[in-house]
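Rule-based calculations on the coordinates, nothing more; no lab input. Only a predicted model underlies this, so the values are computations on that prediction, with no experimental measurement involved. All Cβ positions, glycine included, derive from the backbone under ideal geometry; neighbour counts span all protein chains shown.
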Amino acid sequence: MNSAQSQSRRPGWFGWITGLVIAGIVLAGLYSVFATANAPKPAAGDATQQSSYDVGTPGIGQRAPAFTLTDNAGGNVSLTDYSGKNVLLFFQEGLACEPCWTQITSLETDAARLQAAGIDAVVSITTDPAEQIARKTTDMGLTTRVLSDPDLATSKKYQANEFGMMGTSTDGHSFILVGPDGTIKWRADYGGAPEYTMFVPVDQLLLDLKTDTKS
């Protein structure tokens with residue numbers, strides 16, 4: 001092959017390689033954006049300041065709306081079952097949100113710390129069918145009661161479907177602490193814009209709870 005032929009082929013090879021490099025950079029960028037939006041945030045560790053979140057309605061001091069829903073064990077669970085206790089309701093996005101289930105795992109891991117903070121029970125609510133929730137909790141070995149609210153009836157009572165990245169068709173990432181007398185003692189809706197948080201380290205959760213309820 002003479003030098004003229006070699007030089008004439010070089011631009012074709014160069015353009016092909018350059019195209020591959022650019023495609024790789026674009027794919028890496030898209031993956032980074034997706035991973036950042038869906039992956040759990042790093043553990044807060046020594047969290048020292050209150051995080052940012054919305055507070056929907058009904059809010060602190062208001063009566064918690066009653067409900068009766070089917071849980072992952074196939075039974076019916078009502079809010080009145082927790083009368084006399086502090087129950088933390090965790091409204092979450094559901095099966096499509098893996099960080100939401102990681103959140104439940106972290107709450108179970110730190111159950112003793114939640115109890116020390118005055119939380120007697122945790123109940124999660126999502127819009128997925130009870131049978132699918134049952135499979136998910138069994139596969140993950142979770143013991144938390146997860147309730148099915150497929151028609152959003154309960155979620156809408158608490159406006160928990162107003163704070164997620166999927167519009168109003170699912171719940172966001174909301175924590176509502178209902179006191180022994182049935183009134184709301186604390187509320188934090190983390191799932192709203194612009195961050196659409198789908199995981200909150202327990203350290204941060206307890207700090208936000210403590211900061212809001214001591215005032």
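The figures follow:
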| quantity | calculated |
| --- | --- |
| The range 66-160, relative contact order [Cα under 8 Å, separation at least 6], % | 36 |
| Fewest-first ranking of Asp181, Asp171, Asp110, Asp81, using other Cβ atoms within 10 Å as the exposure measure | Asp181, Asp81, Asp110, Asp171 |
| Length gained when the stretch Arg63-Met166 is fully extended (0.36 nm per residue, less Cα-Cα span) | 34.3 nm |
| Ordering of 129-136, 144-151 by packing [mean C-beta count within 10 Å, highest first] | 144-151, 129-136 |
| Selected from Gly179, Ile125, Trp101, residue furthest toward positive end of dipole (the range 81-197; charges at beta carbon) | Gly179 |
| Cα convex hull of the range 68-213 - mean projected area over all directions, nm² | 7.8 |
| Contour excess over end-to-end distance, with Cα ends at Thr213 and Gln132 and 0.36 nm allotted per residue | 25.6 nm |
| Nonlocal amide H pairs with Phe199, under 5 Å, H built at 1.01 Å | Lys41 |
| Table column - 3J(HN,Hα) (Hz), the range 186-201, Karplus curve with 6.51, -1.76, 1.60, x for Gly and Pro | 7, 8, 9, 9, 7, x, x, 5, x, 8, 6, 5, 10, 8, 10, x |
| Amide proton proximity set for Asp149, modelled H, under 5 Å, gap of 5+ | Thr126, Thr127, Asp128 |
| Paramagnetic reach from Lys157 (point 7 Å along Cα→Cβ, amide N under 12 Å) across the range 78-98 | 78-81 |
| Additional length obtainable on full extension of the chain from Glu108 to Met140, 0.36 nm per residue less Cα span | 10.3 nm |
| Debye, to nearest 20: dipole size of the range 68-213, +1 on Lys, Arg Cβ, -1 on Asp, Glu Cβ | 280 |
| Whole-Hz couplings from phi, Karplus 6.51/-1.76/1.60, listed for the range 57-73; x for Gly and Pro | 10, x, x, 4, x, 8, 5, 6, x, 6, 7, 9, 9, 7, 9, 5, 9 |
| Tensor-based shape of the range 127-193 (alpha-carbon gyration tensor, a/c under 1.5 rounded, otherwise prolate or oblate) | oblate |
